[in-house]
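Written out below as structure tokens is the structure these notes cover.
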Amino acid sequence: MQYSEIMVRYGELSTKGKNRKDFIRQLGRNVRRSLHEFQGLNIRAQYDRLHVALNGYDTDQVIKRLKGVFGIENFSPVIKLEKNFDAVKDTALEMIQAQFQPGMTFKINTRRQDHHYEYDTNQINDKLGGHILRHIPGIKVKMKHPDITLRVEVRLNGIFLSSETIQGAGGLPVGTGGKATMMLSGGIDSPVAAYLGMKRGVQLDMVHFYSPPYTSEQALAKAKDLTAKLAGYAGSIQFIQVPFTHAQETIKEKIPEGYLMTIQRRMMLRIAAAISLARGDKGVFTGESLGQVASQTLESMMAINDVTTLPVLRPLVSMDKTEIIKIAEQIDTYDLSILPFEDCCTIFTPPAPKTRPDLEKTRNFEKLIDVEGLMKEALDGIVVSEIKPGDNFMNQQQEVFAELL
Ligand code: ATP
Ligand code: MG
């Protein structure tokens with residue numbers, strides 16, 4: 001079916017009162033960005049709905065993109081017709097035929113803005129309903145929860161038909177919730193936490209710690225590929241890689257084994273917080289979930305959180321691993337996350353880290369290292385790049401690898 005436009009219904013925007021204008025403007029921007037390759041699409045973000053005029057583009061391709069834009073409750077492909085009732089009848093029948101399977105029920109739901117149109121709402125419902133009953137054997141009308149609802153809107157500039165409502169991603173448009181820093185590893189959890197942060201409208205800068213030669217180029221490329229996946233929800237994302245080798249080596253050398261992990265995490269959070277402040281970000285997101293591993297007990301969080309007054313946001317805090325994995329699969333990060341390229345934490349994690357570190361002891365042990373110096377060194381070495389949806393880093397690596405062989 002060749003549709004003429006897609007009509008997008010806003011999500012929580014409608015409840016946001018005076019901020020509504022900003023939300024709609026941002027959503028318009030985000031939709032435009034996610035559809036940027038489709039030149040000639042006409043996107044209009046209006047007060048109650050957003051319209052994407054397709055100008056001949058493939059509806060399915062556009063639908064696929066729209067499904068990834070936060071702030072959209074649902075949307076419907078629409079056919080616009082002139083006010084010629086025979087054409088409306090034919091198209092209505094065609095639309096329902098395309099969806100009909102034996103046993104299905106339907107109803108017609110008409111709204112009329114143009115009060116001078118020759119038929120009123122009831123007449124339109126009756127005429128179209130009758131036409132469909134006559135032409136599709138076995139179909140029945142059902143007013144409550146029918147399988148197919150054909151929506152008819154009679155507006156001043158034409159008659160609009162739609163019969164499908166496609167679920168959107170929900171949430172708030174990315175950018176309406178300010179900007180924060182995401183600590184992104186190559187694991188399963190942090191990409192899911194990033195997704196959930198962005199879903200609440202927050203734009204995220206990704207910070208990734210890497211420790212060559214202990215971690216491979218592939219591990220770095222994997223974190224970038226995860227960012228490219230997440231960029232599908234955000235347009236493009238700043239990726240900040242932080243060299244962490246010297247800090248980790250020093251910590252390993254100087255700190256008693258039980259506190260290695262805690263102090264390493266404090267160092268990471270300190271650096272992430274410094275980057276956050278320097279970029280004007282308003283908080284640090286992590287993929288931590290309570291009780292999952294030694295560093296994720298309340299005592300550990302307290303000992304680690306001690307280094308910053310910025311809000312540390314943990315969208316996964318009370319989720320089970322199975323719930324997290326389910327989302328990772330839905331957002332298509334799972335397969336990347338389980339690739340076996342270890343990140344810097346896995347390699348430097350001692351066999352038995354303290355699950356209940358003592359805050360005072362932690363602070364004292366930390367005096368054994370030059371915190372300021374190591375921080376400065378890491379911050380001096382950061383590399384920032386911009387990652388777009390569809391970018392691919394691991395394949396590039398494989399090609400380089402293949403050339404070496
Ligand atoms: P994940 O699956 O996100 O790696 P995890 O269950 O492996 O999490 P940890 O290794 O304890 O848990 O990491 C906890 C959090 O610390 C991560 O979710 C992430 O936010 C942050 N983190 C860990 N390693 C890195 C890294 N190399 N770079 C940036 N952030 C990291
Ligand atoms: Mg991890």
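Ranked by accessible surface with a 1.4 Å probe, highest first, in what order do 308, 262 come?
Numbers: 308 25, 262 0 Å².
Order by accessible area, largest first: 308, 262.
When all protein chains stay in place, what accessible area (Å², nearest 10, 1.4 Å probe) is found for residue 337?
10 Å²
Mind checking region 22-56 for chymotrypsin sites (Phe, Trp or Tyr not before Pro) that DSSP puts in a loop (not H, G, I, E or B) and that have at most 15 other Cβ atoms within 10 Å?
Counting only loop positions with at most 15 other Cβ atoms within 10 Å, the chymotrypsin sites (Phe, Trp or Tyr not before Pro) in region 22-56 are 47.
Rank 146, 102, 311 by mean-square fluctuation in a GNM of the chain with C-alpha springs under 10 angstrom and give only the top-ranked residue.
102
What does the extension gain come out to for residue 116 and residue 87, with contour length at 0.36 nm per residue minus their alpha carbon separation? It would help to have the intermediate numbers written out before the result.
Working: separation 29, 0.36 × 29 = 10.44 nm, distance 1.88 nm.
In short, 8.6 nm is gained.
Calculate, in nm to one decimal, what residue 342 and residue 142 gain on full extension: separation in residues at 0.36 nm each, minus their alpha carbon distance.
Stretched out fully, the residue 342 to residue 142 stretch lengthens by 66.4 nm.
Could you go through region 311-317 in sequence order and give the Karplus-derived ³J(HN,Hα) for each residue, using 6.51 cos²θ - 1.76 cosθ + 1.60 with θ = phi - 60°, rounded to whole Hz, and x for Gly and Pro?
x, 9, 9, 10, x, 9, 3
Most mobile of 248, 99, 167 per a Gaussian network model of the chain (Cα springs, under 10 Å)?
The residue with the greatest mean-square fluctuation here is 99.
Extending each Cα 7 Å along its Cβ direction at residue 379 and residue 318, get the distance between those two points in nm, one decimal.
3.6 nm
Going through region 95-186, which trypsin sites (Lys or Arg not before Pro) have at most 14 other Cβ atoms within 10 Å and a DSSP loop state?
142, 144
Let me test this: with uniform point scatterers at the alpha carbons of the chain, what is the Debye-based log₁₀ I(q)/I(0) at q = 0.06 1/Å?
At q = 0.06 Å⁻¹ the computed log10 ratios are -0.34.
Antiparallel as a % of all DSSP beta bridges within the chain, to the nearest 5? Let's see the in-between values first.
Working: 31 of 55 bridges.
About 55 percent, rounded to the nearest 5.
In the chain, carbon and sulfur make up what percent of the accessible area (probe 1.4 Å)?
Ligands and nucleic acids excluded, carbon and sulfur give 50 percent.
Could you tell me the accessible area of residue 376 in Å² (1.4 Å probe, neighbours in place), rounded to the nearest ten?
Per-residue accessible area (residue 376): approximately 120 Å².
Using only protein heavy atoms and a 1.4 Å probe, report how much of residue 160 is accessible, in Å² to the nearest 10.
In the full protein context, residue 160 sits at about 10 Å².
Under the rule of -39500 (n - 2.57) per DSSP H run of 4 or more residues, summed and divided by the residues of the chain, what mean residue ellipticity at 222 nm is obtained, to the nearest 500 deg cm²/dmol?
The per-residue figure over the chain is -12500 deg cm²/dmol.
If I model a spin label as a point 7 Å beyond the Cα along the Cα-Cβ vector, how far apart are those points for residue 216 and residue 253 in nm?
It works out to 2.8 nm between the two label points.
Tell me the GluC sites (Glu not before Pro) within region 69-165 that lie in a loop according to DSSP and have at most 11 other beta-carbon atoms within 10 Å.
Qualifying residues, ordered by number: 82, 118.
Just by accessible area at a 1.4 angstrom probe, what is the order of 310, 298, 204 from largest to smallest?
Largest accessible area first, the list is 298, 310, 204.
Which of rounded, prolate, oblate describes region 5-167, given a ≥ b ≥ c as roots of the alpha-carbon gyration tensor eigenvalues and a/c under 1.5 marking rounded, otherwise prolate only if a/b is larger than b/c?
Here region 5-167 falls in the prolate category.
Suppose a student asked you for the relative contact order of the chain, using Cα pairs under 8 Å spaced at least 6 residues apart; what percent would you report? Show your work: numbers first, answer last.
Working: 773 pairs, mean separation 69.1, N = 405.
Relative contact order of the chain: 17 percent.
State, in angstrom, two size descriptors of region 179-404 derived from its alpha carbons: Rg to one decimal place and Dmax to the nearest whole number.
16.7, 52
The values are calculated or read from the model by the stated rules, or taken from the named source; none is laboratory data. Being a predicted model, the structure only gives us computed values, none of them experimental. Cβ coordinates were reconstructed from backbone atoms using ideal geometry, including for glycine residues, and neighbour counts include every protein chain displayed. Note: areas computed on protein heavy atoms with side chains; ligands, DNA, RNA excluded. Shrake-Rupley method; radii C 1.70, N 1.55, O 1.52, S 1.80 Å.
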